[in-house]
Structure formats: C-alpha cells, structure tokens
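Since the structure comes first, as structure tokens, the remarks are kept for the end.
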Amino acid sequence: MKKEWNLKEYLGDKELYLKMAKIAIPISLQSLITVGINLMDTIMLSKMGDAQISASSLAGQFINLFMICCMGIGMGASVLTSRFWGMQDKHSLKKTITIMLRFVVVFASIFTAITIISPEWIMRIYSDEAPIITHGITYLKWMIPTYICTGLSLTCTIVLRTVGQVRIPLYCSISAFFVNVFFNWVFIFGHLGAPRMEIGGAALGTLIARVFELIFICGYFFFIDKRIRYRLKDIFMKCRDLLSEYIRISIPVLISDGLLAFGNNTVAMIMGRIGETFVAANSVTTVVQQLSSVLTTGVCNASGIITGHTMGEGDIDKAQRQGYTFLFIGFIIGCFSALVIFLLRGPIINYYDVSAEAKAIAWDLMNAIIIINIFQSMNSILTKGVLRAGGDTTFLMAGDILFLWVASIPLGYLAGLKWGWPSFWIYTCLKIDQIIKCIWCYFRLRSGKWLKKIKGQA
C-alpha cells in the first residue's frame, strides 16, 4: 500500500528549506545580476531609437539560441553530476564533465561558423526592416567570440553549482556586471576618448564582460577548485563507457531546451513581422520577465541539485516528498512575482525612452505576463528542476515538443499575423504551453513514474 504523507511531512522539512536557501539565494542573486546587465543594455540602447534596441533584441535571440543549447548540455550533465556527487563517484563525475565540454566546443564552433558566414541571413529570419537588419549585423559581428566564452563559462558554472559551489559564480557575475556597464558607457556613447559606436559599443561591452567571465570561472574550475579537482588534462580522459548513459539522460534535455530555444526564436520571428514597435515593446517586457523569474531560477536550480543528491543517496520516498514541497514553493513564488509586476509595471514602462505606441503595447504584454507567470513558475521548477533531476528527461522532451509546437507556436502565429488580435491575447497564445505543462507535470509528479535510476546506481 502506498504511504500517505501528512501536511507536515510535505511542508515541514526545515532542513530542506535551509539547504534550498543556501543554494537558491546565490543563484537568484546571480540571475538578478544577469537581468541587471540586460536591463542596462536595453536602457542605454533605448536612447538610440527603436531600430537599434529592436536590432539588439532580435540579434540577441540567435545568441540566446546558443546559450539555451549550452544550458541544455549543462543541465543534462547536471542530472548525472549531482547524482554522482550524491553517490561519491568522482571518477564518473569527471567523465561526465569531459563529455559535456566536448559537446560545448562542437556547438560553439557551429554557431561561430554560421555567424561569420551569414549574419545577414540570421537577421532576415527575424525582420524584413532594413535598419534593424543593418544594426543587427553590426551587433552579431562583434559578438562572434562570445560563443566559446559563454559556452565554457556557463556549463562550468552549472557543474560547480551541482557540488555546492554557488558563491564563485555569484562573485563572477557581480564583477562582470560592472565590467559590462562600464564598457557599454564608454563605447555606446563614446566616452573617455573612445569612438561613439552605439549598438556596436553595446556588443563590444558585452564581449569584454564575457571574456572576463571565461577567465574568472574557467580559471577557478580548471586550476583552483578543490572539490571536483577537474584539471585540463582530464579533457583527454577516456569516457566511452559513460557516453550511452550521458546520451540517454542528456540528449532529451538538449532537445527539449533546443526546441525551447527554437520556439523562442519563432516567437521573435512572429514579433519581428508584427513590426518594429511591437519588438521594442517586447524588449521592455523581456527584462521584466527575466526579473520576475529570478527567484524561480534559484529554486529551480536548487530543486534539481537537491533532488539529484537525494536520488544519489537512494532515498526515493524522500525525493517524492521534496517534489511536492518544491511545487508549493513554486506557486508562492509565482504569485509573489505576479504581484511585483502588477505594482511596478507602470514605472518600469515609463522609464524607457521608447515611443508612446510601444509603451501601450508593453502595458498589454505586462498584463498577460502577470497571469502566465504563476503557471510558469510552477512548471519551471518541475520541468527544469525536480522531474529532470529524477531522470525523466524523455517524458519532458515529449511535453516540450507537443505543447510548444502544437499549441503555442501555431496559436501565436494565427493570433499575431492572421487574426490581428490585441497584444494581450497574442502573448497569451504564445505562452499557453506554460499553463498546459503546469497541469501535465503535476500529474507526472503525482504518479511517481519520474523517479529513474541511472547506470551504476543500486
């Protein structure tokens, strides 16, 4: 007979809350810094007009496509690294890292080649307006070296988090924030004797910050870290015996996150076809969306790490209880974030130097975000944290394919480009998968079928 847990067992685990806070708070602060960087970029570029801010937003979508792929590679690896850390199997942990880094180098090379060869083609995917395309090409050319920098620093950061190393990435992000803002100020506006580069200056400031992150994170990871003790020579270690398990766990994660990235890019394409003003409005709300997800990101990462460690220790019942606790926390965070957006939407929108029409559209988008955010917070913690850490990656991949590409993208396309619906409903249609996945994943959590063993685990 299945054991029934009382409310105290679901929500009264003080040790869990303490462990979650130690992991989630630094990660949330790091996410806040990242949002701050994007916010400053957007505010500074808004002074250059709707075309340049739209160009940076759309060009950034292609770069985000790469970053999400790297997140998929890193988060897929984290399912194994957190589990191996719980099992105290450091040799298998190092093998997982090696496979992960090799995948990153391959993806970085592909994206670099595409950007070098076809920057205009990339921009024409997102917009057919000449000023946006021209500015976007400039932005992309400066950002070419960021692929390898971002790929390595991002995935190494994810691995460090799985073993409890959350402060080092936070310190790096704080430092990178000031580096990025300073060089943006110098090169966008032409201060301290530097040329006035406008959108090119924003890209150059970001590039310098990414190089700084690479030196900081990878320098620590390869030469200083005392927990994992992964060194450069380990890149050449044999890991064929773990490759099949990595592929089984990680490839569905990569596909899921890759489809998410392509979905976000498709959304950007739809918005780009709606017009420059709509894109500028979305650029304003994008930062708000990122800001509202800061706490969710922290808890999401913490839930995945803790679930992985619990599974590695072999306590399946405890992992199930913790899953319900994390779901409840997601609901609370979603409601809190929605309230914050509701209260601050006006001041935030008015702070941007964009057209009156763009501000009106941004207001409608904010209202949709308030509703969607509650569901998104809960499903993110389940899909990117608990269920993924449980090894249920194939199921999650199927959900992403089904709901994003069968529901959200078609409805968003029809609402935005065929039916001409108001901005509120366009955004709601584009994000309808967040609501569906929330319900879908709740029943999966309840079933207990998400709890999977990995190779080598008793």
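The values are calculated or read from the model by the stated rules, or taken from the named source; none is laboratory data. Owing to the predicted nature of the structure, the values given are computational and were not obtained by experimental measurement. Please note: Cβ atoms are built from the backbone with ideal geometry, for glycine as well, and neighbour counts cover all protein chains shown.
Can you tell me which of I110, I132 is free of Cβ contacts under 8 Å to residues at least 60 places away in the same chain, more than 23 Å from G304 (Cα to Cα) and either in a helix (DSSP H, G or I) or acidic (D, E) (or both)? Spell out the reasoning first.
Values: I132 fails: free of Cβ contacts under 8 Å to residues at least 60 places away in the same chain.
None of the others qualify; the one that does is I110.
Within the stretch 12-30, at least one residue is among the polar types (S, T, N, Q), closer than 28 Å to A302 by Cβ, modelled with pLDDT under 85 and surrounded by 23 or more Cβ atoms within 10 Å (Cβ to Cβ).
Quick test for you: out of L343, L404, pick the one residue that is hydrophobic (A, V, I, L, M, F, W, C), touching a Leu at 6+ places or on another chain (Cβ under 8 Å) and assigned to a helix (DSSP H, G or I). Explain how you work it out, then say what you get.
Values: L343 fails: touching a Leu at 6+ places or on another chain (Cβ under 8 Å).
Within the list L343, L404, the selection yields L404.
Residues in the stretch 101-111 that are buried (at least 17 other Cβ atoms within 10 Å of the Cβ) and farther than 15 Å from K238 by Cβ: F103, V104, F107, A108, F111. I168 falls short on exactly one of the conditions (1) in contact (Cβ under 8 Å) with a residue 40 or more places away in the chain; (2) outside any helix (DSSP H, G or I); (3) not aromatic (F, W, Y), and that condition is (2).
What is the residue count in the stretch 73-93 for residues that are in contact with a Lys or Arg (Cβ under 8 Å, 6 or more places away or on another chain) and crowded, with 21+ Cβ neighbours inside 10 Å? Working first, answer last.
As a first pass, look at the stretch 73-93 and keep what is in contact with a Lys or Arg (Cβ under 8 Å, 6 or more places away or on another chain): 75, 78-79, 84, 90.
Filter once more, so that each one left must be crowded, with 21+ Cβ neighbours inside 10 Å: 75, 78-79, 84.
Within the stretch 73-93, residues that are in contact with a Lys or Arg (Cβ under 8 Å, 6 or more places away or on another chain) and crowded, with 21+ Cβ neighbours inside 10 Å number 4.
Scan the stretch 195-213 for residues that are surrounded by 21 or more Cβ atoms within 10 Å (Cβ to Cβ), hydrophobic (A, V, I, L, M, F, W, C) and within 23 Å of G151 (Cβ to Cβ) and the total you get is 3. Just to be sure before I move on: is Y147 crowded, with 21+ Cβ neighbours inside 10 Å and within 19 Å of Q52 (Cβ to Cβ) in the structure I sent? For Y147, the condition - crowded, with 21+ Cβ neighbours inside 10 Å and within 19 Å of Q52 (Cβ to Cβ) - is not met.
Name every residue in the stretch 172-222 that is assigned to a helix (DSSP H, G or I) and small (G, A, S), in order of residue number. S173, S175, A176, G200, G201, A202, A203, G205, A209, G219 - these are the residues of the stretch 172-222 that are assigned to a helix (DSSP H, G or I) and small (G, A, S).
To keep it simple, each residue is scored yes or no on (1) among the hydrophobic types (A, V, I, L, M, F, W, C); (2) modelled with pLDDT of 90 or more.
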site	(1), (2)
V288	yes, no
F342	yes, no
G346	no, no
S355	no, no
I374	yes, yes
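Do you know which residues across the stretch 223-238 are in a helix (DSSP H, G or I) and surrounded by 13 or more Cβ atoms within 10 Å (Cβ to Cβ)?
In the first step, residues of the stretch 223-238 are kept if they are in a helix (DSSP H, G or I); the result is 223, 232-236.
Answer for the stretch 223-238, where residues must be in a helix (DSSP H, G or I) and surrounded by 13 or more Cβ atoms within 10 Å (Cβ to Cβ): D234, I235.
Looking across the stretch 397-413, the residues that are farther than 26 Å from K359 by Cβ and surrounded by 15 or more Cβ atoms within 10 Å (Cβ to Cβ) come down to M397, G399, D400, F403, L404, W405, A407, I409. Cβ-Cβ contacts under 6 Å between residues 6 or more apart (or on different chains), taken from a first residue in the stretch 48-72 that is in a loop (DSSP other than H, G, I, E, B) and surrounded by fewer than 22 Cβ atoms within 10 Å (Cβ to Cβ) to a second residue that is modelled with pLDDT of 85 or more and not hydrophobic (A, V, I, L, M, F, W, C), are listed as M48/E198. Among the residues of the stretch 177-191, write down those that are within 24 Å of A21 (Cβ to Cβ) and in contact with a Phe, Trp or Tyr (Cβ under 8 Å, 6 or more places away or on another chain). Selection gives nothing. Selection within the stretch 239-258: residues that are polar (S, T, N, Q) and touching a helix residue (DSSP H, G or I) at 6+ places or on another chain (Cβ under 9 Å). The member of this set that is surrounded by the fewest Cβ atoms within 10 Å (Cβ to Cβ) is S250. When you scan the stretch 428-438, do you find a residue that is part of a loop (DSSP other than H, G, I, E, B), surrounded by fewer than 24 Cβ atoms within 10 Å (Cβ to Cβ) and either within 23 Å of the chain's Cα centre (by Cα) or of a type in the set (D, E) (or both), even just one? For the stretch 428-438, residues part of a loop (DSSP other than H, G, I, E, B), surrounded by fewer than 24 Cβ atoms within 10 Å (Cβ to Cβ) and either within 23 Å of the chain's Cα centre (by Cα) or of a type in the set (D, E) (or both): present.
Test of understanding: among I148, I125, I137, which residue is aliphatic (A, V, I, L, M), in a helix (DSSP H, G or I) and at pLDDT below 90? Don't jump to the end; show me each part of the working.
On the way: I148 fails: at pLDDT below 90; I137 fails: at pLDDT below 90.
So the residue among I148, I125, I137 that is aliphatic (A, V, I, L, M), in a helix (DSSP H, G or I) and at pLDDT below 90 is I125.
Look at the stretch 312-329: where a residue is among the aliphatic types (A, V, I, L, M) and a partner is outside any helix (DSSP H, G or I), sitting 6+ places away or on another chain with Cβ atoms under 6 Å, you get I316/L451. Of all the listed residues (I369, I332), the sole one being of a type in the set (V, I, T) and in contact (Cβ under 8 Å) with a residue 60 or more places away in the chain is I369.
Every test in (1) part of a helix (DSSP H, G or I); (2) in contact with an Asp or Glu (Cβ under 7 Å, 6 or more places away or on another chain); (3) of a type in the set (V, I, T); (4) at pLDDT below 85 is passed by T325 save one, and that test is (4).
So, in the stretch 357-396, of the ones that are farther than 19 Å from I27 by Cβ and charged (D, E, K, R), which residue ends up surrounded by the most Cβ atoms within 10 Å (Cβ to Cβ)? Before you say what the answer is, go through the steps one by one.
The initial filter retains those residues of the stretch 357-396 that are farther than 19 Å from I27 by Cβ, namely 357-372, 374-375, 390-396.
Filter again for charged (D, E, K, R), leaving 357, 359, 364, 392.
Details: E357: 15, K359: 17, D364: 17, D392: 24.
Among them, the one singled out is D392.
Residues in the stretch 307-322 that are surrounded by fewer than 18 Cβ atoms within 10 Å (Cβ to Cβ) and either among the hydroxyl-bearing types (S, T, Y) or modelled with pLDDT under 85 (or both): E313, G314, D315. Does S283 satisfy the criteria of being in a helix (DSSP H, G or I), modelled with pLDDT under 80 and not hydrophobic (A, V, I, L, M, F, W, C)? Spelling it out, S283 is indeed in a helix (DSSP H, G or I), modelled with pLDDT under 80 and not hydrophobic (A, V, I, L, M, F, W, C). Regarding I97, is this residue surrounded by 19 or more Cβ atoms within 10 Å (Cβ to Cβ) and over 19 Å from S173 (Cβ atoms)? Judged against the criteria, I97 is a match.
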